[in-house]
Amino acid sequence: MLDSTRKNILTGRERHTHARPDNVGYPARAIRTHDFLYILNMKSERWPVGDPVDDTPANRKLGNSKGYIPGYHDIDGSPTKTFILENKDKNEMKEYFNFSYAKRDAEQLYNISGYFGEADPCFGDIDPLAENGSKNR
């Protein structure tokens with residue numbers, strides 16, 4: 001049953017695959033309101049979908065049956081993944097690579113009140129802090 005008095009949704013996640021050494025996660029917490037989505041990436045220095053893996057002889061010895069190379073192991077192998085990673089340096093593909101694989105800012109704020117499927121980053125446009133400039137989020 002939908003609770004019409006609810007003003008926001010809180011969510012969190014940890015990556016749980018063997019996507020980086022020692023299987024460390026990518027902790028993120030989020031608050032979603034009707035108009036905005038705020039995400040706190042608690043370890044933004046990490047790659048969100050797993051570390052990239054260089055194509056070296058040592059790494060090839062580890063086997064590529066599960067797609068060890070090129071890494072980003074929290075996304076399963078697919079023709080789309082292969083295409084994006086093989087073309088990530090081309091201007092027309094950089095946006096897709098960044099959206100899917102690149103490191104994230106520690107804090108992200110999106111205006112999600114537009115059309116379905118649109119999310120406009122807006123940290124430069126509004127103050128992401130709570131009302132009255134409070135640092136409590």
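The values are calculated or read from the model by the stated rules, or taken from the named source; none is laboratory data. Given the structure is predicted, the values throughout are model-derived calculations rather than measurements. Don't worry about glycine lacking a Cβ; one is built from the backbone with ideal geometry, like all the others, and counts go over all protein chains shown.
Observations on the model:
- Residue selected from the range 40-51 under the condition in contact with a Phe, Trp or Tyr (Cβ under 8 Å, 6 or more places away or on another chain) and either of a type in the set (A, V, I, L, M, F, W, C) or touching a residue at least 40 places away in the same chain (Cβ under 8 Å) (or both), by the criterion nearest to GLY114 (Cα to Cα): ASN41
- Picking from residues in the range 71-94 that are hydrophobic (A, V, I, L, M, F, W, C) and not in a loop (DSSP other than H, G, I, E, B), the one that is surrounded by the fewest Cβ atoms within 10 Å (Cβ to Cβ) is PHE83.
Residue-by-condition table, conditions (1) of a type outside the set (Ser, Thr, Tyr); (2) at pLDDT 85 or above; (3) touching a helix residue (DSSP H, G or I) at 6+ places or on another chain (Cβ under 7 Å):
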| residue | (1), (2), (3) |
| --- | --- |
| SER78 | no, yes, no |
| ASN98 | yes, yes, no |
| ASP105 | yes, yes, no |
| TYR115 | no, no, no |
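- Residues of the range 82-94 that are without any contact (Cβ under 8 Å) to a residue 12 or more places away in the chain and of a type outside the set (Val, Ile, Thr): PHE83, GLU86, ASN87, ASP89, LYS90, ASN91, GLU92, MET93, LYS94.
- Among (1) in contact (Cβ under 8 Å) with a residue 12 or more places away in the chain; (2) part of a helix (DSSP H, G or I); (3) loosely packed, with under 14 Cβ neighbours inside 10 Å, the one test that PHE97 misses: (3)
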